[in-house]
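The values are calculated or read from the model by the stated rules, or taken from the named source; none is laboratory data. Since we're looking at a predicted model, the values are computed, not measured. Methodologically, a virtual Cβ is constructed for each residue, glycine included, from the backbone with ideal geometry; neighbour enumeration extends over all protein chains shown. To get the accessible areas, we keep the full protein, side chains included, count just its heavy atoms, and leave off ligands, DNA and RNA. Shrake-Rupley method; radii C 1.70, N 1.55, O 1.52, S 1.80 Å.
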Amino acid sequence: GDRCIMWFSADRVGAPDPANRQCIGRAFASSPSGPFAPEPSPVHCGINGRGALDPNVFTDAMGQRWLLLAFGNTESPNPIVALDGNGNFAGYPTAILGRRHPWEYHFIENPSMVYDRVRNNYLLSYSAGRWWEPSYSTGIARCASPTGPCTSDPGGPWISSSNGRTGPGGLSFFQD
């Protein structure tokens, strides 16, 4: 329409889980260069208020827009939710990936998705581990649809620390 939406995560005061204080918010502007004005309340704060972060908008092969998220302190931390034409949730978040392999220890976050036209399915990238540790890495999962099922690689991360570089994470797909 006639407005731009910016999704973001921010810490909140008085969070039930002090280790997972983030909530997802959104701000609106009349042009991509802003200025953006945030809504007064968060859009989502995770399951039972335990934290939500890393919003990433994705458009599927049919033109439907989705919002990928990361939820703190849960076994299914990477959900996706459909967006309507105004950028509102058009349903509830659906879990598409949780920790399944030893190399995905502690936390998975930073989800990003792209449609693979060759294989007619979707690739989901995500970060695994603790962002401040050298073993932080990036995994790839194949998904039958934006809402799954998604299968991650038990053999290990797609990108990991090597040659003096540590902690790769936060991979984002884009199409040119």
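State the percentage of accessible surface on the chain attributable to carbon and sulfur atoms; use a 1.4 Å probe and exclude ligands, DNA and RNA. Write out the running numbers ahead of the final one.
Numbers: 4910 of 9460 Å².
Answer for the chain is 52 percent, counting heavy atoms of protein chains only.
Determine the dipole magnitude for the chain: charges of +1 sit on the beta-carbon of Lys and Arg, -1 on that of Asp and Glu, nothing else is charged, the reference point is the Cα centre, and the result goes in debye to the nearest 20.
Details: 13 positive and 14 negative charges, 24 e Å.
Result for the chain is approximately 120 debye, rounded to the nearest 20.
Can you give the FRET efficiency for R142 and D11, using 1/(1 + (r/R0)^6), R0 = 30 Å, r = Cβ-Cβ distance, to the nearest 0.05?
Numbers: r = 33 Å, r/R0 = 1.11.
Plugging the Cβ-Cβ distance into 1/(1 + (r/R0)^6) gives 0.35.
Calculate, for the chain, the solvent-accessible area per residue in square angstrom, rolling a 1.4 angstrom probe over the heavy atoms of the protein chains. Each step should come with its number before you reach the end.
Values: 9460 Å² over 176 residues.
Accessible surface, normalised per residue, equals 54 Å².
What does the net charge come to around G155 if you take all other residues with beta carbon closer than 14 Å to its beta carbon, with K and R at +1 and D and E at -1?
Numbers: positive: R100, R142; negative: E104, D153.
Charge balance in the 14 Å sphere: 0.
Just to be sure I follow: if Rg is taken over the C-alpha atoms of the stretch 1-77 and Rh is the Kirkwood radius over the same atoms, what is Rg/Rh? Before the final figure, lay out the partial values.
On the way: Rg = 13.8 Å, Rh = 13.4 Å.
Across the stretch 1-77, the Cα-based Rg/Rh ratio is 1.03.
Specify which residue in the list G85, Y115, G25 is farthest towards the positive end of the charge dipole of the chain, using unit charges on the beta carbon of Lys, Arg (+1) and Asp, Glu (-1), about the Cα centre.
Of the listed residues, the answer is Y115.
I need the phi-derived Karplus couplings for the stretch 27-34: 6.51 cos²θ - 1.76 cosθ + 1.60, θ = phi - 60°, integer Hz, Gly and Pro marked x.
Karplus-based 3J(HN,Hα) across the stretch 27-34 equals 9, 10, 8, 8, 8, x, 7, x Hz.
May I ask you to order 56-62, 31-37 by the average number of other C-beta atoms within 10 Å around their residues, highest value first? Don't skip to the answer; put the middle values down first.
Working: 56-62: 15.0, 31-37: 10.7.
So the peptides 56-62, 31-37, ranked by packing, come out 56-62, 31-37.
Kindly report, to the nearest 10 Å², the accessible surface of C150 as traced by a 1.4 Å probe over protein heavy atoms only.
10
Please list, in order along the stretch 137-150, the HN-Hα scalar couplings obtained from phi with the Karplus expression 6.51 cos²θ - 1.76 cosθ + 1.60 (θ = phi - 60°), rounded to whole Hz, x for Gly and Pro.
8, 10, x, 10, 10, 9, 10, 5, 8, x, 9, x, x, 10
Can you pull out the trypsin sites (Lys or Arg not before Pro) in the stretch 86-118 whose DSSP state is coil and whose Cβ has at most 12 other Cβ atoms within 10 Å?
Working: sites: R99, R100, R117; in loops: R99, R100, R117.
Those satisfying the criteria are R117.
Per 0.36 nm of contour for each residue apart, how much would the distance between A37 and D153 grow if the chain were fully extended, relative to their Cα-Cα spacing? Walk me through the numbers before you get to the answer.
Values: separation 116, 0.36 × 116 = 41.76 nm, distance 4.01 nm.
Value of the extension gain: 37.7 nm.
Using Cβ-Cβ distances only, list the Cys residues of the chain with no partner cysteine under 4.7 Å, sorted by number.
C4
Kindly state, to the nearest 0.05, the FRET efficiency for D176 paired with R3, given R0 = 30 Å and r defined as their beta-carbon distance.
Numbers: r = 25 Å, r/R0 = 0.84.
Plugging the Cβ-Cβ distance into 1/(1 + (r/R0)^6) gives 0.75.
P(r) tail for the chain, what percent of Cα pairs lie past 19 Å?
Across the chain, Cα pairs with separations above 19 Å total 58 percent.
Could I have the simple spin-label model distance between Q64 and T94, label points 7 Å from Cα toward Cβ, reported in nm to one decimal?
Once both label points are built, they end up 0.6 nm from each other.
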